[in-house]
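Everything below concerns the one structure shown next.
The values are calculated or read from the model by the stated rules, or taken from the named source; none is laboratory data. Remember, it's a predicted structure, so these values are computed and weren't measured experimentally. All Cβ positions, glycine included, derive from the backbone under ideal geometry; neighbour counts span all protein chains shown. Please note that ligands, DNA and RNA were not included when accessible areas were found on the heavy atoms of the full protein model with its side chains. Shrake-Rupley method; radii C 1.70, N 1.55, O 1.52, S 1.80 Å.
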Amino acid sequence: MTKLDRCLPIIAGNWKMNGLSADLHQVDAIEALAARTPGVCVALAPPFTLIRDASGRAAHLAIGAQDAHLAQSGAHTGCVSPEMVADAGGSFVVLGHSERRSDQREDDALVRAKTKAVLAAGLQIILCVGETEVERDDGRADAVVAEQLAGSLPERSLDDVVVAYEPVWAIGTGRTANEEQIAAMHAQIRSVLRNRGGADVPILYGGSVKPDNARAILSLPEVGGALVGGASLKAESFAGIVEAAV
Ligand code: PGA
């Protein structure tokens with residue numbers, strides 16, 4: 001089972017609620033991509049239903065889940081626990097994605113409780129933070145992200161944590177934060193993490209990363225990789241982003 005590497009750039013795909021067994025050939029192509037780019041940690045979070053199949057096909061590719069419950073088992077109809085993700089071959093879980101914060105009303109306290117359960121199951125975490133457009137326009141982006149980090153980072157070690165800065169207004173919109181916005185927010189996140197003993201925690205950028213903007217984004221200071229939605233669904237466009245990270 002491949003884990004998220006803390007030394008290499010991480011390019012992680014998030015398939016969201018997309019992907020059927022007929023799409024597993026894309027996983028094969030992404031695995032081949034990971035095998036031929038050893039200088040990049042390539043990761044993929046397919047829907048729960050494909051984790052076991054995907055992990056069975058992945059030798060160089062890290063496979064994870066897009067969410068997990070805060071309990072390992074019990075009467076929680078429709079939910080999937082961290083232990084189940086691990087049992088299916090996953091090595092990490094994305095937590096606190098803005099779509100879950102809005103669609104499922106997940107707040108920082110719940111996200112923090114989930115981090116505890118995910119770490120207890122021996123999995124790594126990609127913890128997402130990011131402001132909405134209104135919050136940025138109001139000049140509150142820095143404060144919102146600082147509050148999300150303060151409220152949702154796990155209380156103990158950050159050894160198995162990766163942070164993803166994803167401005168909500170840039171997700172799936174074709175708009176990306178500009179280079180100054182990304183560099184400034186990543187510097188702020190780094191300083192919070194450093195104070196928590198997380199000087200080496202990778203910080204990914206996410207929000208409309210595409211092959212044509214990836215190189216510029218990935219070359220910014222404190223950008224340790226990318227979390228990619230739409231452009232990860234097809235191995236060909238994902239390859240353009242992974243190759244930009246080499
Ligand atoms: P996007 O999604 O690349 O489609 O904007 C990013 C994400 O939500 O992780």
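Brief remarks follow.
- Subset of the range 14-64 (residues that are open to solvent by 30 Å² or more (accessible area, probe 1.4 Å), of a type in the set (A, V, I, L, M) and under 22 Å from Val163 (Cα atoms)): Met17
- Residue check for Ser81: among the hydroxyl-bearing types (Ser, Thr, Tyr) and surrounded by 15 or more Cβ atoms within 10 Å (Cβ to Cβ): yes
- Among residues of the range 8-22, those that are within 16 Å of the ligand (Cβ to nearest atom) and either free of Cβ contacts under 8 Å to residues at least 24 places away in the same chain or at positive phi (or both), counted: 2
- Checking the stated criteria, Asp67 turns out to be touching a Leu at 6+ places or on another chain (Cβ under 9 Å), in a loop (DSSP other than H, G, I, E, B) and open to solvent by 10 Å² or more (accessible area, probe 1.4 Å).
- The range 28-51: number of residues that are in a helix (DSSP H, G or I) and within 25 Å of Asp103 (Cβ to Cβ): 4
- Number of residues in the range 1-13 that are open to solvent by less than 10 Å² (accessible area, probe 1.4 Å) and touching a Leu at 6+ places or on another chain (Cβ under 8 Å) equals 3.
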